[in-house]
């Protein structure tokens, strides 16, 4: 038996918008969704463009991004790392950035993404 999962980014945008509070308040700030990274990114982009939910940029093209200045009601704004496998196309994980920020990993991913190997991997 297989599970039918929508590939509609606007439908997923509603789900992602609803789970932002979970990402904010959970101890580890992690939420996994059964949606491909491609659809999740389109949903995030939709929320950014239509509702002003911060901005986002790729850290590793088609695999990992940072979503910055995401509003949580009118209380605060958070940064979220979003990552998923382009190959399996199964799950996408949202992780809140708390008092720490993965500067080392962000810089490493961005630099790797700009290499020939990184560009090849992003196309796979």
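Only one of (1) touching a strand residue (DSSP E or B) at 6+ places or on another chain (Cβ under 9 Å); (2) at pLDDT below 95; (3) under 27 Å from residue 110 (Cα atoms) is not met by residue 45, so which one is it?
Just one mismatch for residue 45, condition (2).
Please give the number of the condition residue 30 fails out of (1) touching a strand residue (DSSP E or B) at 6+ places or on another chain (Cβ under 8 Å); (2) in contact (Cβ under 8 Å) with a residue 60 or more places away in the chain; (3) surrounded by 17 or more Cβ atoms within 10 Å (Cβ to Cβ).
If we test residue 30 against (1) touching a strand residue (DSSP E or B) at 6+ places or on another chain (Cβ under 8 Å); (2) in contact (Cβ under 8 Å) with a residue 60 or more places away in the chain; (3) surrounded by 17 or more Cβ atoms within 10 Å (Cβ to Cβ), just (3) comes out false.
Going residue by residue through segment 98-119, is there one that turns out to be closer than 27 Å to residue 25 by Cα and in contact (Cβ under 8 Å) with a residue 60 or more places away in the chain? Talk me through it step by step, then tell me what you get.
Here is the first cut: in segment 98-119, the ones closer than 27 Å to residue 25 by Cα are 98-107, 109.
With in contact (Cβ under 8 Å) with a residue 60 or more places away in the chain added as a condition, the list becomes 98.
Yes, that holds for at least one residue.
Kindly indicate the residue of segment 89-119 that is more than 16 Å from the chain's Cα centre (by Cα) and closer than 23 Å to residue 39 by Cβ and also modelled with the highest pLDDT among those meeting that condition. Outline the logic, then answer.
Going residue by residue through segment 89-119, those that are more than 16 Å from the chain's Cα centre (by Cα) are 99-100, 103-104, 107-108, 111-119.
Filter once more, so that each one left must be closer than 23 Å to residue 39 by Cβ: 113, 118-119.
Working: 113: 85, 118: 79, 119: 80.
Residue satisfying both the conditions and the ranking: 113.
Please work out if residue 64 is in contact with a strand residue (DSSP E or B) (Cβ under 7 Å, 6 or more places away or on another chain), touching a residue at least 24 places away in the same chain (Cβ under 8 Å) and either within 19 Å of residue 86 (Cα to Cα) or surrounded by 12 or more Cβ atoms within 10 Å (Cβ to Cβ) (or both). Reasoning before the result, please.
Working: in contact with a strand residue (DSSP E or B) (Cβ under 7 Å, 6 or more places away or on another chain): yes; touching a residue at least 24 places away in the same chain (Cβ under 8 Å): yes; either within 19 Å of residue 86 (Cα to Cα) or surrounded by 12 or more Cβ atoms within 10 Å (Cβ to Cβ) (or both): yes.
The answer is yes for residue 64.
Looking only at segment 3-27, which residues are under 17 Å from residue 72 (Cβ atoms) and without any contact (Cβ under 8 Å) to a residue 12 or more places away in the chain? Reasoning before the result, please.
From segment 3-27, those under 17 Å from residue 72 (Cβ atoms) are 13-27; that's our starting set.
14, 18, 22, 25, 27 - these are the residues of segment 3-27 that are under 17 Å from residue 72 (Cβ atoms) and without any contact (Cβ under 8 Å) to a residue 12 or more places away in the chain.
So which residues in segment 33-61 are outside any strand (DSSP E or B) and touching a residue at least 60 places away in the same chain (Cβ under 8 Å)? Please lay out each step first, then the result.
Pass one, segment 33-61, residues outside any strand (DSSP E or B): 34-54, 61.
Within segment 33-61, 61 is the sole residue that qualifies.
Within segment 1-32, how many residues are assigned to a loop (DSSP other than H, G, I, E, B) and within 21 Å of residue 71 (Cα to Cα)? Can you show your working first?
Kept after step one, since they are assigned to a loop (DSSP other than H, G, I, E, B), are these residues of segment 1-32: 1-8, 26-29.
Restricting the remaining residues to those that are within 21 Å of residue 71 (Cα to Cα) gives 26-29.
Number of matching residues: 4.
The values are calculated or read from the model by the stated rules, or taken from the named source; none is laboratory data. Worth saying up front: this structure is predicted, and the values here are computed from it rather than measured. For neighbour counting, all protein chains shown are included, and Cβ atoms are generated from backbone atoms with ideal geometry for every residue, glycine included.
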